[in-house]
């Protein structure tokens with residue numbers, strides 16, 4: 001269920017300023033997106049797993065709030081993150 005260490009480090013390097021910049025909003029959004037994608041596949045396979053569905057909804061809410069923060073703070077960064085992660089259509 002959890003992300004592997006290699007996935008986390010590659011995401012931090014891609015979206016962060018350096019390899020230790022895991023606290024940046026962009027990095028956190030990218031990590032949440034990866035976890036959401038994994039949980040979505042899990043919930044498709046196991047439809048009666050209600051606790052995972054609840055966890056998925058919680059993660060989606062966290063990501064939405066972080067995206068709203070970035071949209072307020074820096075609109076260009078918001079647009080680049082949305083495009084890079086392929087979130088909005």
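FYI, it's all coordinate maths here, none of it is from the lab. Predicted model only: the values in this text are computed from it and were never measured. We place every Cβ from the backbone using ideal geometry, glycine too, and count neighbours over all the protein chains shown.
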Please sort 39-52, 14-27 by packing, taking for each peptide the average over its residues of neighbouring beta carbons within 10 angstrom, highest first. 14-27, 39-52
Please list, in order, the residues from the stretch 26-45 whose amide nitrogen is less than 19 Å from a point placed 7 Å along the Cα→Cβ vector of residue 6. 31, 34-35, 38
Under the rule of -39500 (n - 2.57) per DSSP H run of 4 or more residues, summed and divided by the residues of the chain, what mean residue ellipticity at 222 nm is obtained, to the nearest 500 deg cm²/dmol? -25000 deg cm²/dmol
Per Stokes-Einstein, at 25 °C and 0.890 mPa s, what whole-number D in µm² s⁻¹ belongs to the chain, with the Kirkwood radius over Cα pairs as the hydrodynamic radius? 178
Taking the alpha-carbon centre of each part, the distance from the stretch 1-24 to the stretch 46-62 in Å is 23
Could you put 57, 32 in order, starting from the residue whose Cβ has the fewest other Cβ atoms within 10 Å? 57, 32
Contact order relative to length for the stretch 5-85, counting C-alpha pairs under 8 Å separated by 6 or more residues, stands in percent at 23
